[in-house]
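The values are calculated or read from the model by the stated rules, or taken from the named source; none is laboratory data. Keep in mind the model is a prediction, meaning the values are calculated, not measured. So basically every Cβ, Gly included, is an ideal-geometry build from the backbone, and we count neighbours across all protein chains shown. The protein model used for the area step is the full one, side chains on, heavy atoms only, and it has no ligands, DNA or RNA in it. Shrake-Rupley method; radii C 1.70, N 1.55, O 1.52, S 1.80 Å.
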Amino acid sequence: MAILSWLGLGLLTTPLALFKLNPYSYQQISFNRGSYEGHQRPVISPDLEAYIQQTLTKSNVPGLSLAIVPKDGEPEFRSWGNMTDDGEKTTPETLFHLASVSKAFVASSLGILIDDFANGRNTSALPPGLSQFTWKTKLRDILPDEWELMDEWASEKVNIHDILSHVTGMPRHDYSYGPNDTPIDVVRRLKHLRPAYELREKYSYNNQMFLVGAHIVSTYAKPYTQFVEERIFAPLGMTSTTFSPSQAAASGKFTQAWTKHGRLLPEWFNEDIAQLNAGPGAVISSTSDMSKWINMWLNSGIYMNKTIIPLSAFENITTAYSITFGKPENAKNSIGGYGMGWFRSSYQGHDVIYHTGSIPGFSTRVSVVQPSASQDGLGIIVFANADDKAETVANISDRVMEDALHIRGFSEAFD
Ligand SMILES: *[C@@H]1O[C@H](CO)[C@@H](O)[C@H](O)[C@H]1NC(C)=O
Ligand SMILES: *[C@@H]1O[C@H](CO)[C@@H](O)[C@H](O)[C@H]1NC(C)=O
Ligand SMILES: *[C@@H]1O[C@H](CO)[C@@H](O)[C@H](O)[C@H]1NC(C)=O
Ligand SMILES: *[C@@H]1O[C@H](CO)[C@@H](O)[C@H](O)[C@H]1NC(C)=O
Ligand SMILES: *[C@@H]1O[C@H](CO)[C@@H](O)[C@H](O)[C@H]1NC(C)=O
């Protein structure tokens, strides 16, 4: 079961305290906020390429794929290094495990399902006594035969919003379940696991709650993976994206993965692990496919004039509900919060939603700089095929953001 501790790492991602505080930084931010306009491309310059190459070499990362996604128009793609041990190169089509970057798919699916119920498009009925399904619906009401926590008060009061915002009071109990379990086993076992906090006392990251979220979709619509394929992957044209490691491998585009010191890892993430962890962390995708998903987040849930995620769901999912970092860790980042499957904070005055992922062999990060009156917004996708490289992908992502927003010269004032 220890094999599952990986998702636990999904959070090792906070930008670290890398910069000295500069007493003048506040004034400087207000003088030059920076901006990105879709037409100011390409962002990827020889200088940026050199920085990334140097960072990868220094960090011992075999392969990386990057996409920079504008609100309208074509993304920029670039890849570095190897996809396989015999030297096949990474490309924008190379498939990576997203790890915890998968979590936003659970929140989105529940948002779609809530909207289905609100508009009479549901294909099954709610349990007797429950007349509507919303973010505030209690777990005890939606999973009456399965849901129970050790803490009686929490057991009764926890709602959908709470489970997807990491405020149920449960700590990571990642060693309490394994590949031979079904989602129902995991739900039923929750009552034996000790809470670390009271309900809504504090943010406390927990993967099992995303497994519970996926299980609700499976219970009231169709198997979670099929729901995501039909309602999200297909309408976005994410044709290479899958929950199935064997399907990814059969495509010939699935990257191999390496330890942090550069040793090739054996295949370990099998179909059973993928099925069980579909919610918290089993999407496999490429920067090419994910640029479509990210473009949708830049456009409030709409892709190519098609609503994928209803607006009220988009707002609920991306708005912070719990506090992750109550004070800024450094001069560049603001305090931070967590919505549902997305962190939210600002970077040098720019409002950003992001998530990170970390499992053995993979380090991922996606960010969406929110469009504002003064700029267009952009998405940044960074996938690396090496273990424990959260800081490397964060550095690359931050540097891309600085170059895209023209705030790099400015940011050096922090050093
Ligand atoms: C890519 O693979 C080739 C062939 O195995 C090897 O020589 C090279 O060092 C690898 N590059 C990286 C960045 O690992
Ligand atoms: C949709 O949900 C409502 C509320 O539970 C229920 O009355 C109705 O029968 C459901 N529709 C279908 C097709 O199951
Ligand atoms: C979206 O709708 C607008 C306005 O109707 C239209 O001009 C545009 O071509 C459409 N875009 C796509 C990608 O269908
Ligand atoms: C959140 O969702 C609820 C429906 O569950 C909706 O009434 C509300 O307006 C949404 N909130 C936002 C900020 O859109
Ligand atoms: C990340 O950037 C900081 C600040 O430039 C640097 O000190 C640190 O070594 C970098 N880490 C990696 C892994 O590149």
Search result, residues across region 141-167 that are under 20 Å from V106 (Cβ atoms), open to solvent by 10 Å² or more (accessible area, probe 1.4 Å) and either within 16 Å of ligand 5 (Cβ to nearest atom) or part of a helix (DSSP H, G or I) (or both): D141, H161
Single unsatisfied condition, S312 versus (1) closer than 26 Å to Q226 by Cβ; (2) at pLDDT 95 or above: (2)
Residues of region 189-213 that turn out to be part of a helix (DSSP H, G or I) and surrounded by fewer than 16 Cβ atoms within 10 Å (Cβ to Cβ), as a count: 3
Filter result for L236 (under 22 Å from E152 (Cβ atoms) and open to solvent by less than 20 Å² (accessible area, probe 1.4 Å)): no
Residue match in region 274-285 (condition: surrounded by fewer than 20 Cβ atoms within 10 Å (Cβ to Cβ) and touching a residue at least 24 places away in the same chain (Cβ under 8 Å)): yes
So G120, is it more than 16 Å from ligand 1 (Cβ to nearest atom) and at positive phi: yes
T90 within 20 Å of the chain's Cα centre (by Cα), β-branched (V, I, T) and either within 16 Å of ligand 1 (Cβ to nearest atom) or open to solvent by less than 10 Å² (accessible area, probe 1.4 Å) (or both): no
Restricting region 45-74 to residues that are away from ligand 5 (no atom under 16 Å from the Cβ) and open to solvent by 30 Å² or more (accessible area, probe 1.4 Å), the residue that is nearest to A404 (Cα to Cα): S45
Residue count for region 106-140, restricted to those that are outside any loop (DSSP other than H, G, I, E, B), in contact with a strand residue (DSSP E or B) (Cβ under 9 Å, 6 or more places away or on another chain) and free of Cβ contacts under 8 Å to residues at least 24 places away in the same chain: 1
Among the candidates S322, S334, S374, residue that is surrounded by fewer than 23 Cβ atoms within 10 Å (Cβ to Cβ), in contact (Cβ under 8 Å) with a residue 60 or more places away in the chain and touching a strand residue (DSSP E or B) at 6+ places or on another chain (Cβ under 7 Å): S322
